[in-house]
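*Asks:* Sharing a structure with you now.
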Amino acid sequence: MATPEWGRGSIEPFWGNEYKYLKYTKQPFNNSDDLRRWRNEGYTHTEDLFTGFMCDMRSPQPSWNSILIHWFEKQFDVADIGTSYYRMTTGTILPLHSDTYAKYRELFACGIGDIVRCLVMPEDWQSGHYLEINNVLVDNWSAGDFFWWIGDTPHMAANIGVIDRYTIQLTGHRNK
């Protein structure tokens with residue numbers, strides 16, 4: 001039986017709202033080929049609306065971050081876990097793309113097919129919050145729902161609602 005490209009599950013929420021008060025910064029989208037393709041497809045957003053605000057491991061993480069890392073490590077049998085907290089404000093879109101994990105692959109000498117990405121939803125779904133993974137719409141999630149995929153599985157996200165959309169991104173690679 002082939003390994004699925006993505007899936008979903010749920011973890012009992014144990015976190016408070018500390019993630020809302022992290023030091024989020026705007027990071028440029030790092031794949032110029034995708035940016036060119038999006039322009040050719042008709043996306044007219046300014047560069048700053050193609051990505052949200054991020055707080056990655058270079059900045060202080062929530063006090064309970066290590067609990068989430070341990071859970072991800074055990075749930076998916078992965079190593080070298082990185083976390084990033086992500087906030088999409090109103091009007092932010094991230095069109096269809098596949099992550100390249102260029103820096104991660106360089107740091108840990110792993111192939112893209114060994115990488116597991118997991119999005120944990122810290123809050124309930126709100127109108128206008130959009131997620132699509134491998135051509136499947138995902139909505140109506142509850143706090144604690146998570147979605148995972150392997151390597152370069154295509155996905156997209158957007159916030160066309162009026163409430164900030166938060167996700168917790170975990171990245172690791174399969175143990176060999």
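*Asks:* In a GNM of the chain with a 10 Å cut-off on Cα contacts, which of Arg36, Arg87, Arg105 has the highest mean-square fluctuation?
*Replies:* Comparing Arg36, Arg87, Arg105 in a Gaussian network model of the chain, the most mobile one is Arg36.
*Asks:* Once you have the Cα-Cα distance between Met57 and Ser142, take 0.36 nm times their residue separation minus that, and quote the gain in nm to one decimal.
*Replies:* Going from the current span to full extension adds 28.1 nm.
*Asks:* Taking the Cα centre of the chain as origin, work out the dipole magnitude from +1 charges on Lys and Arg Cβ and -1 charges on Asp and Glu Cβ, in debye rounded to 20.
*Replies:* 320 debye
*Asks:* If I stretch the segment between Ile160 and Ser32 completely, what's the gain in nm (0.36 nm per residue apart, minus their alpha carbon distance), one decimal?
*Replies:* 43.7 nm
*Asks:* Straight-line reach from Lys103: which aspartates and glutamates have Cα under 16 Å away, leaving out those fewer than 8 places along the same chain?
*Replies:* Partners found: Asp56, Asp80, Asp114, Asp152.
*Asks:* Neighbouring Cβ atoms within 10 Å as the yardstick, rank His173, His97 fewest first.
*Replies:* His97, His173
The numbers here are math on the coordinates, done by the rules we state, and not lab data. Everything numeric in this text was worked out from a predicted model, so none of it was measured. All Cβ positions, even for glycine, are placed from backbone atoms using ideal geometry, and neighbour counts span all protein chains on display.
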